[in-house]
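Participant: My questions will all concern the structure given below.
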Amino acid sequence: MKWALAGCGDRPTLRQFSFTGHFSSTPLPPNPLEYPYRPKTQGFGKDRPGLSPKQPSIAIYPGSFDPITNGHLDLIQRGSRLFDKLIVSILQNDAKEPLFSVEERAGMLREVVAAYPNVEVDSFHGLLVDHAAARSATVLLRGIRAISDYEFELQMALMNRRLSPGIETIFMMANEAYSFISSRMVKEVFSLGGDINGLVPAPVEARLRQRLSNVPAEET
Ligand code: PNS
């Protein structure tokens, strides 16, 4: 008797071939790694082992966000549809010499995510997995723009899994329209007089203008 995987797309089924050449589709047995198996309902987290289906799915989208770009915002929009709650968490790390303080970055983020009622803004220091546990989050959401992001993201995801196996990292592909944008490049282009229209949300462009032209905030 032969077994073959059905094509991609749906939950895989095994096609059971009989010796006469006929075959019938039978559902795959539940994957033992997913035990106890629960049928998928809606959103990530609803079918995770050991998790009550009623428990809300909470994801953390961590980063430096110095400042938030349209690439980040696109991921937030899409991520907000997948989880009951999405917490955008800013790493407090002065070693990176950020352009904007954590409070300024949080202010800009709150302004641009105000349209999404299930998105919150927070900040953290120390280990990301500890922050996730403190916020009852079981998913870490990260964006991947290109292969070059993958190696670092893989390392980070595996380290986080080692530190806390119950917390899953989920990657989303960046929207191709924004896949070349980074906060660092936006700051560089803007500081050299380049046009960043369409690369960052409008309030962020205004804050960049204030900061990089040294105009006090209240004058603009
Ligand atoms: O936007 P960034 O700078 O790529 O975000 C990186 C971030 C904040 C996700 C990462 O540096 C982080 O999680 N730092 C917290 C420290 C930590 O948990 N380290 C262990 C896992 S690598």
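Participant: Among Asp122, Asp94, which comes first, then next, by fewest other beta-carbon atoms within 10 Å?
Facilitator: Values: Asp122 15, Asp94 9.
In order of increasing Cβ crowding within 10 Å: Asp94, Asp122.
Participant: A follow-up question, please. With 10 angstrom as the radius, rank Lys85, Lys187, Lys96 by how many other C-beta atoms surround their C-beta, starting from the fewest.
Facilitator: Numbers: Lys85 17, Lys187 20, Lys96 10.
Neighbour counts put them in this order, fewest first: Lys96, Lys85, Lys187.
Participant: Pull out the extension gain between Ser191 and Glu151, defined as 0.36 nm times the separation in residues minus the alpha carbon to alpha carbon distance; nm, one decimal. Spell out each step's value before the answer.
Facilitator: Details: separation 40, 0.36 × 40 = 14.40 nm, distance 2.93 nm.
Extra length from Ser191 to Glu151 when fully extended: 11.5 nm.
Participant: I would also like to ask the following. Give a quick list of chymotrypsin sites (Phe, Trp or Tyr not before Pro) in segment 133-220 that DSSP marks as loop, anything other than H, G, I, E or B, with at most 14 other Cβ atoms within 10 Å.
Facilitator: Numbers: sites: Tyr150, Phe152, Phe171, Tyr178, Phe180, Phe190; in loops: Phe180.
Sites meeting the loop and neighbour criteria: Phe180.
Participant: Let me ask you something else. Return His131, His72, His125 ranked ascending by Cβ neighbour count within 10 Å, so the fewest neighbours appear first.
Facilitator: On the way: His131 20, His72 27, His125 12.
Neighbour counts put them in this order, fewest first: His125, His131, His72.
Participant: Sticking with this structure for a sec: Can you figure out the FRET efficiency of Asp130 with Arg81, using R₀ = 30 Å and their beta-carbon distance, to the nearest 0.05? List each step's numbers first, then the result.
Facilitator: Numbers: r = 27 Å, r/R0 = 0.90.
For Asp130 and Arg81, the calculated efficiency is 0.65.
Participant: Put a dot 7 Å past each Cα toward the Cβ at Met159 and Glu111; how far apart are the dots in nm?
Facilitator: The answer from the label model is 3.3 nm.
Each value in this text was obtained by applying a stated rule to the coordinates, not by laboratory testing. On a predicted model such as this, the values are computed, not experimentally measured, just so you know. Ideal geometry is used to build each Cβ from the backbone, glycine not excepted, and the neighbour counts take in all protein chains shown.
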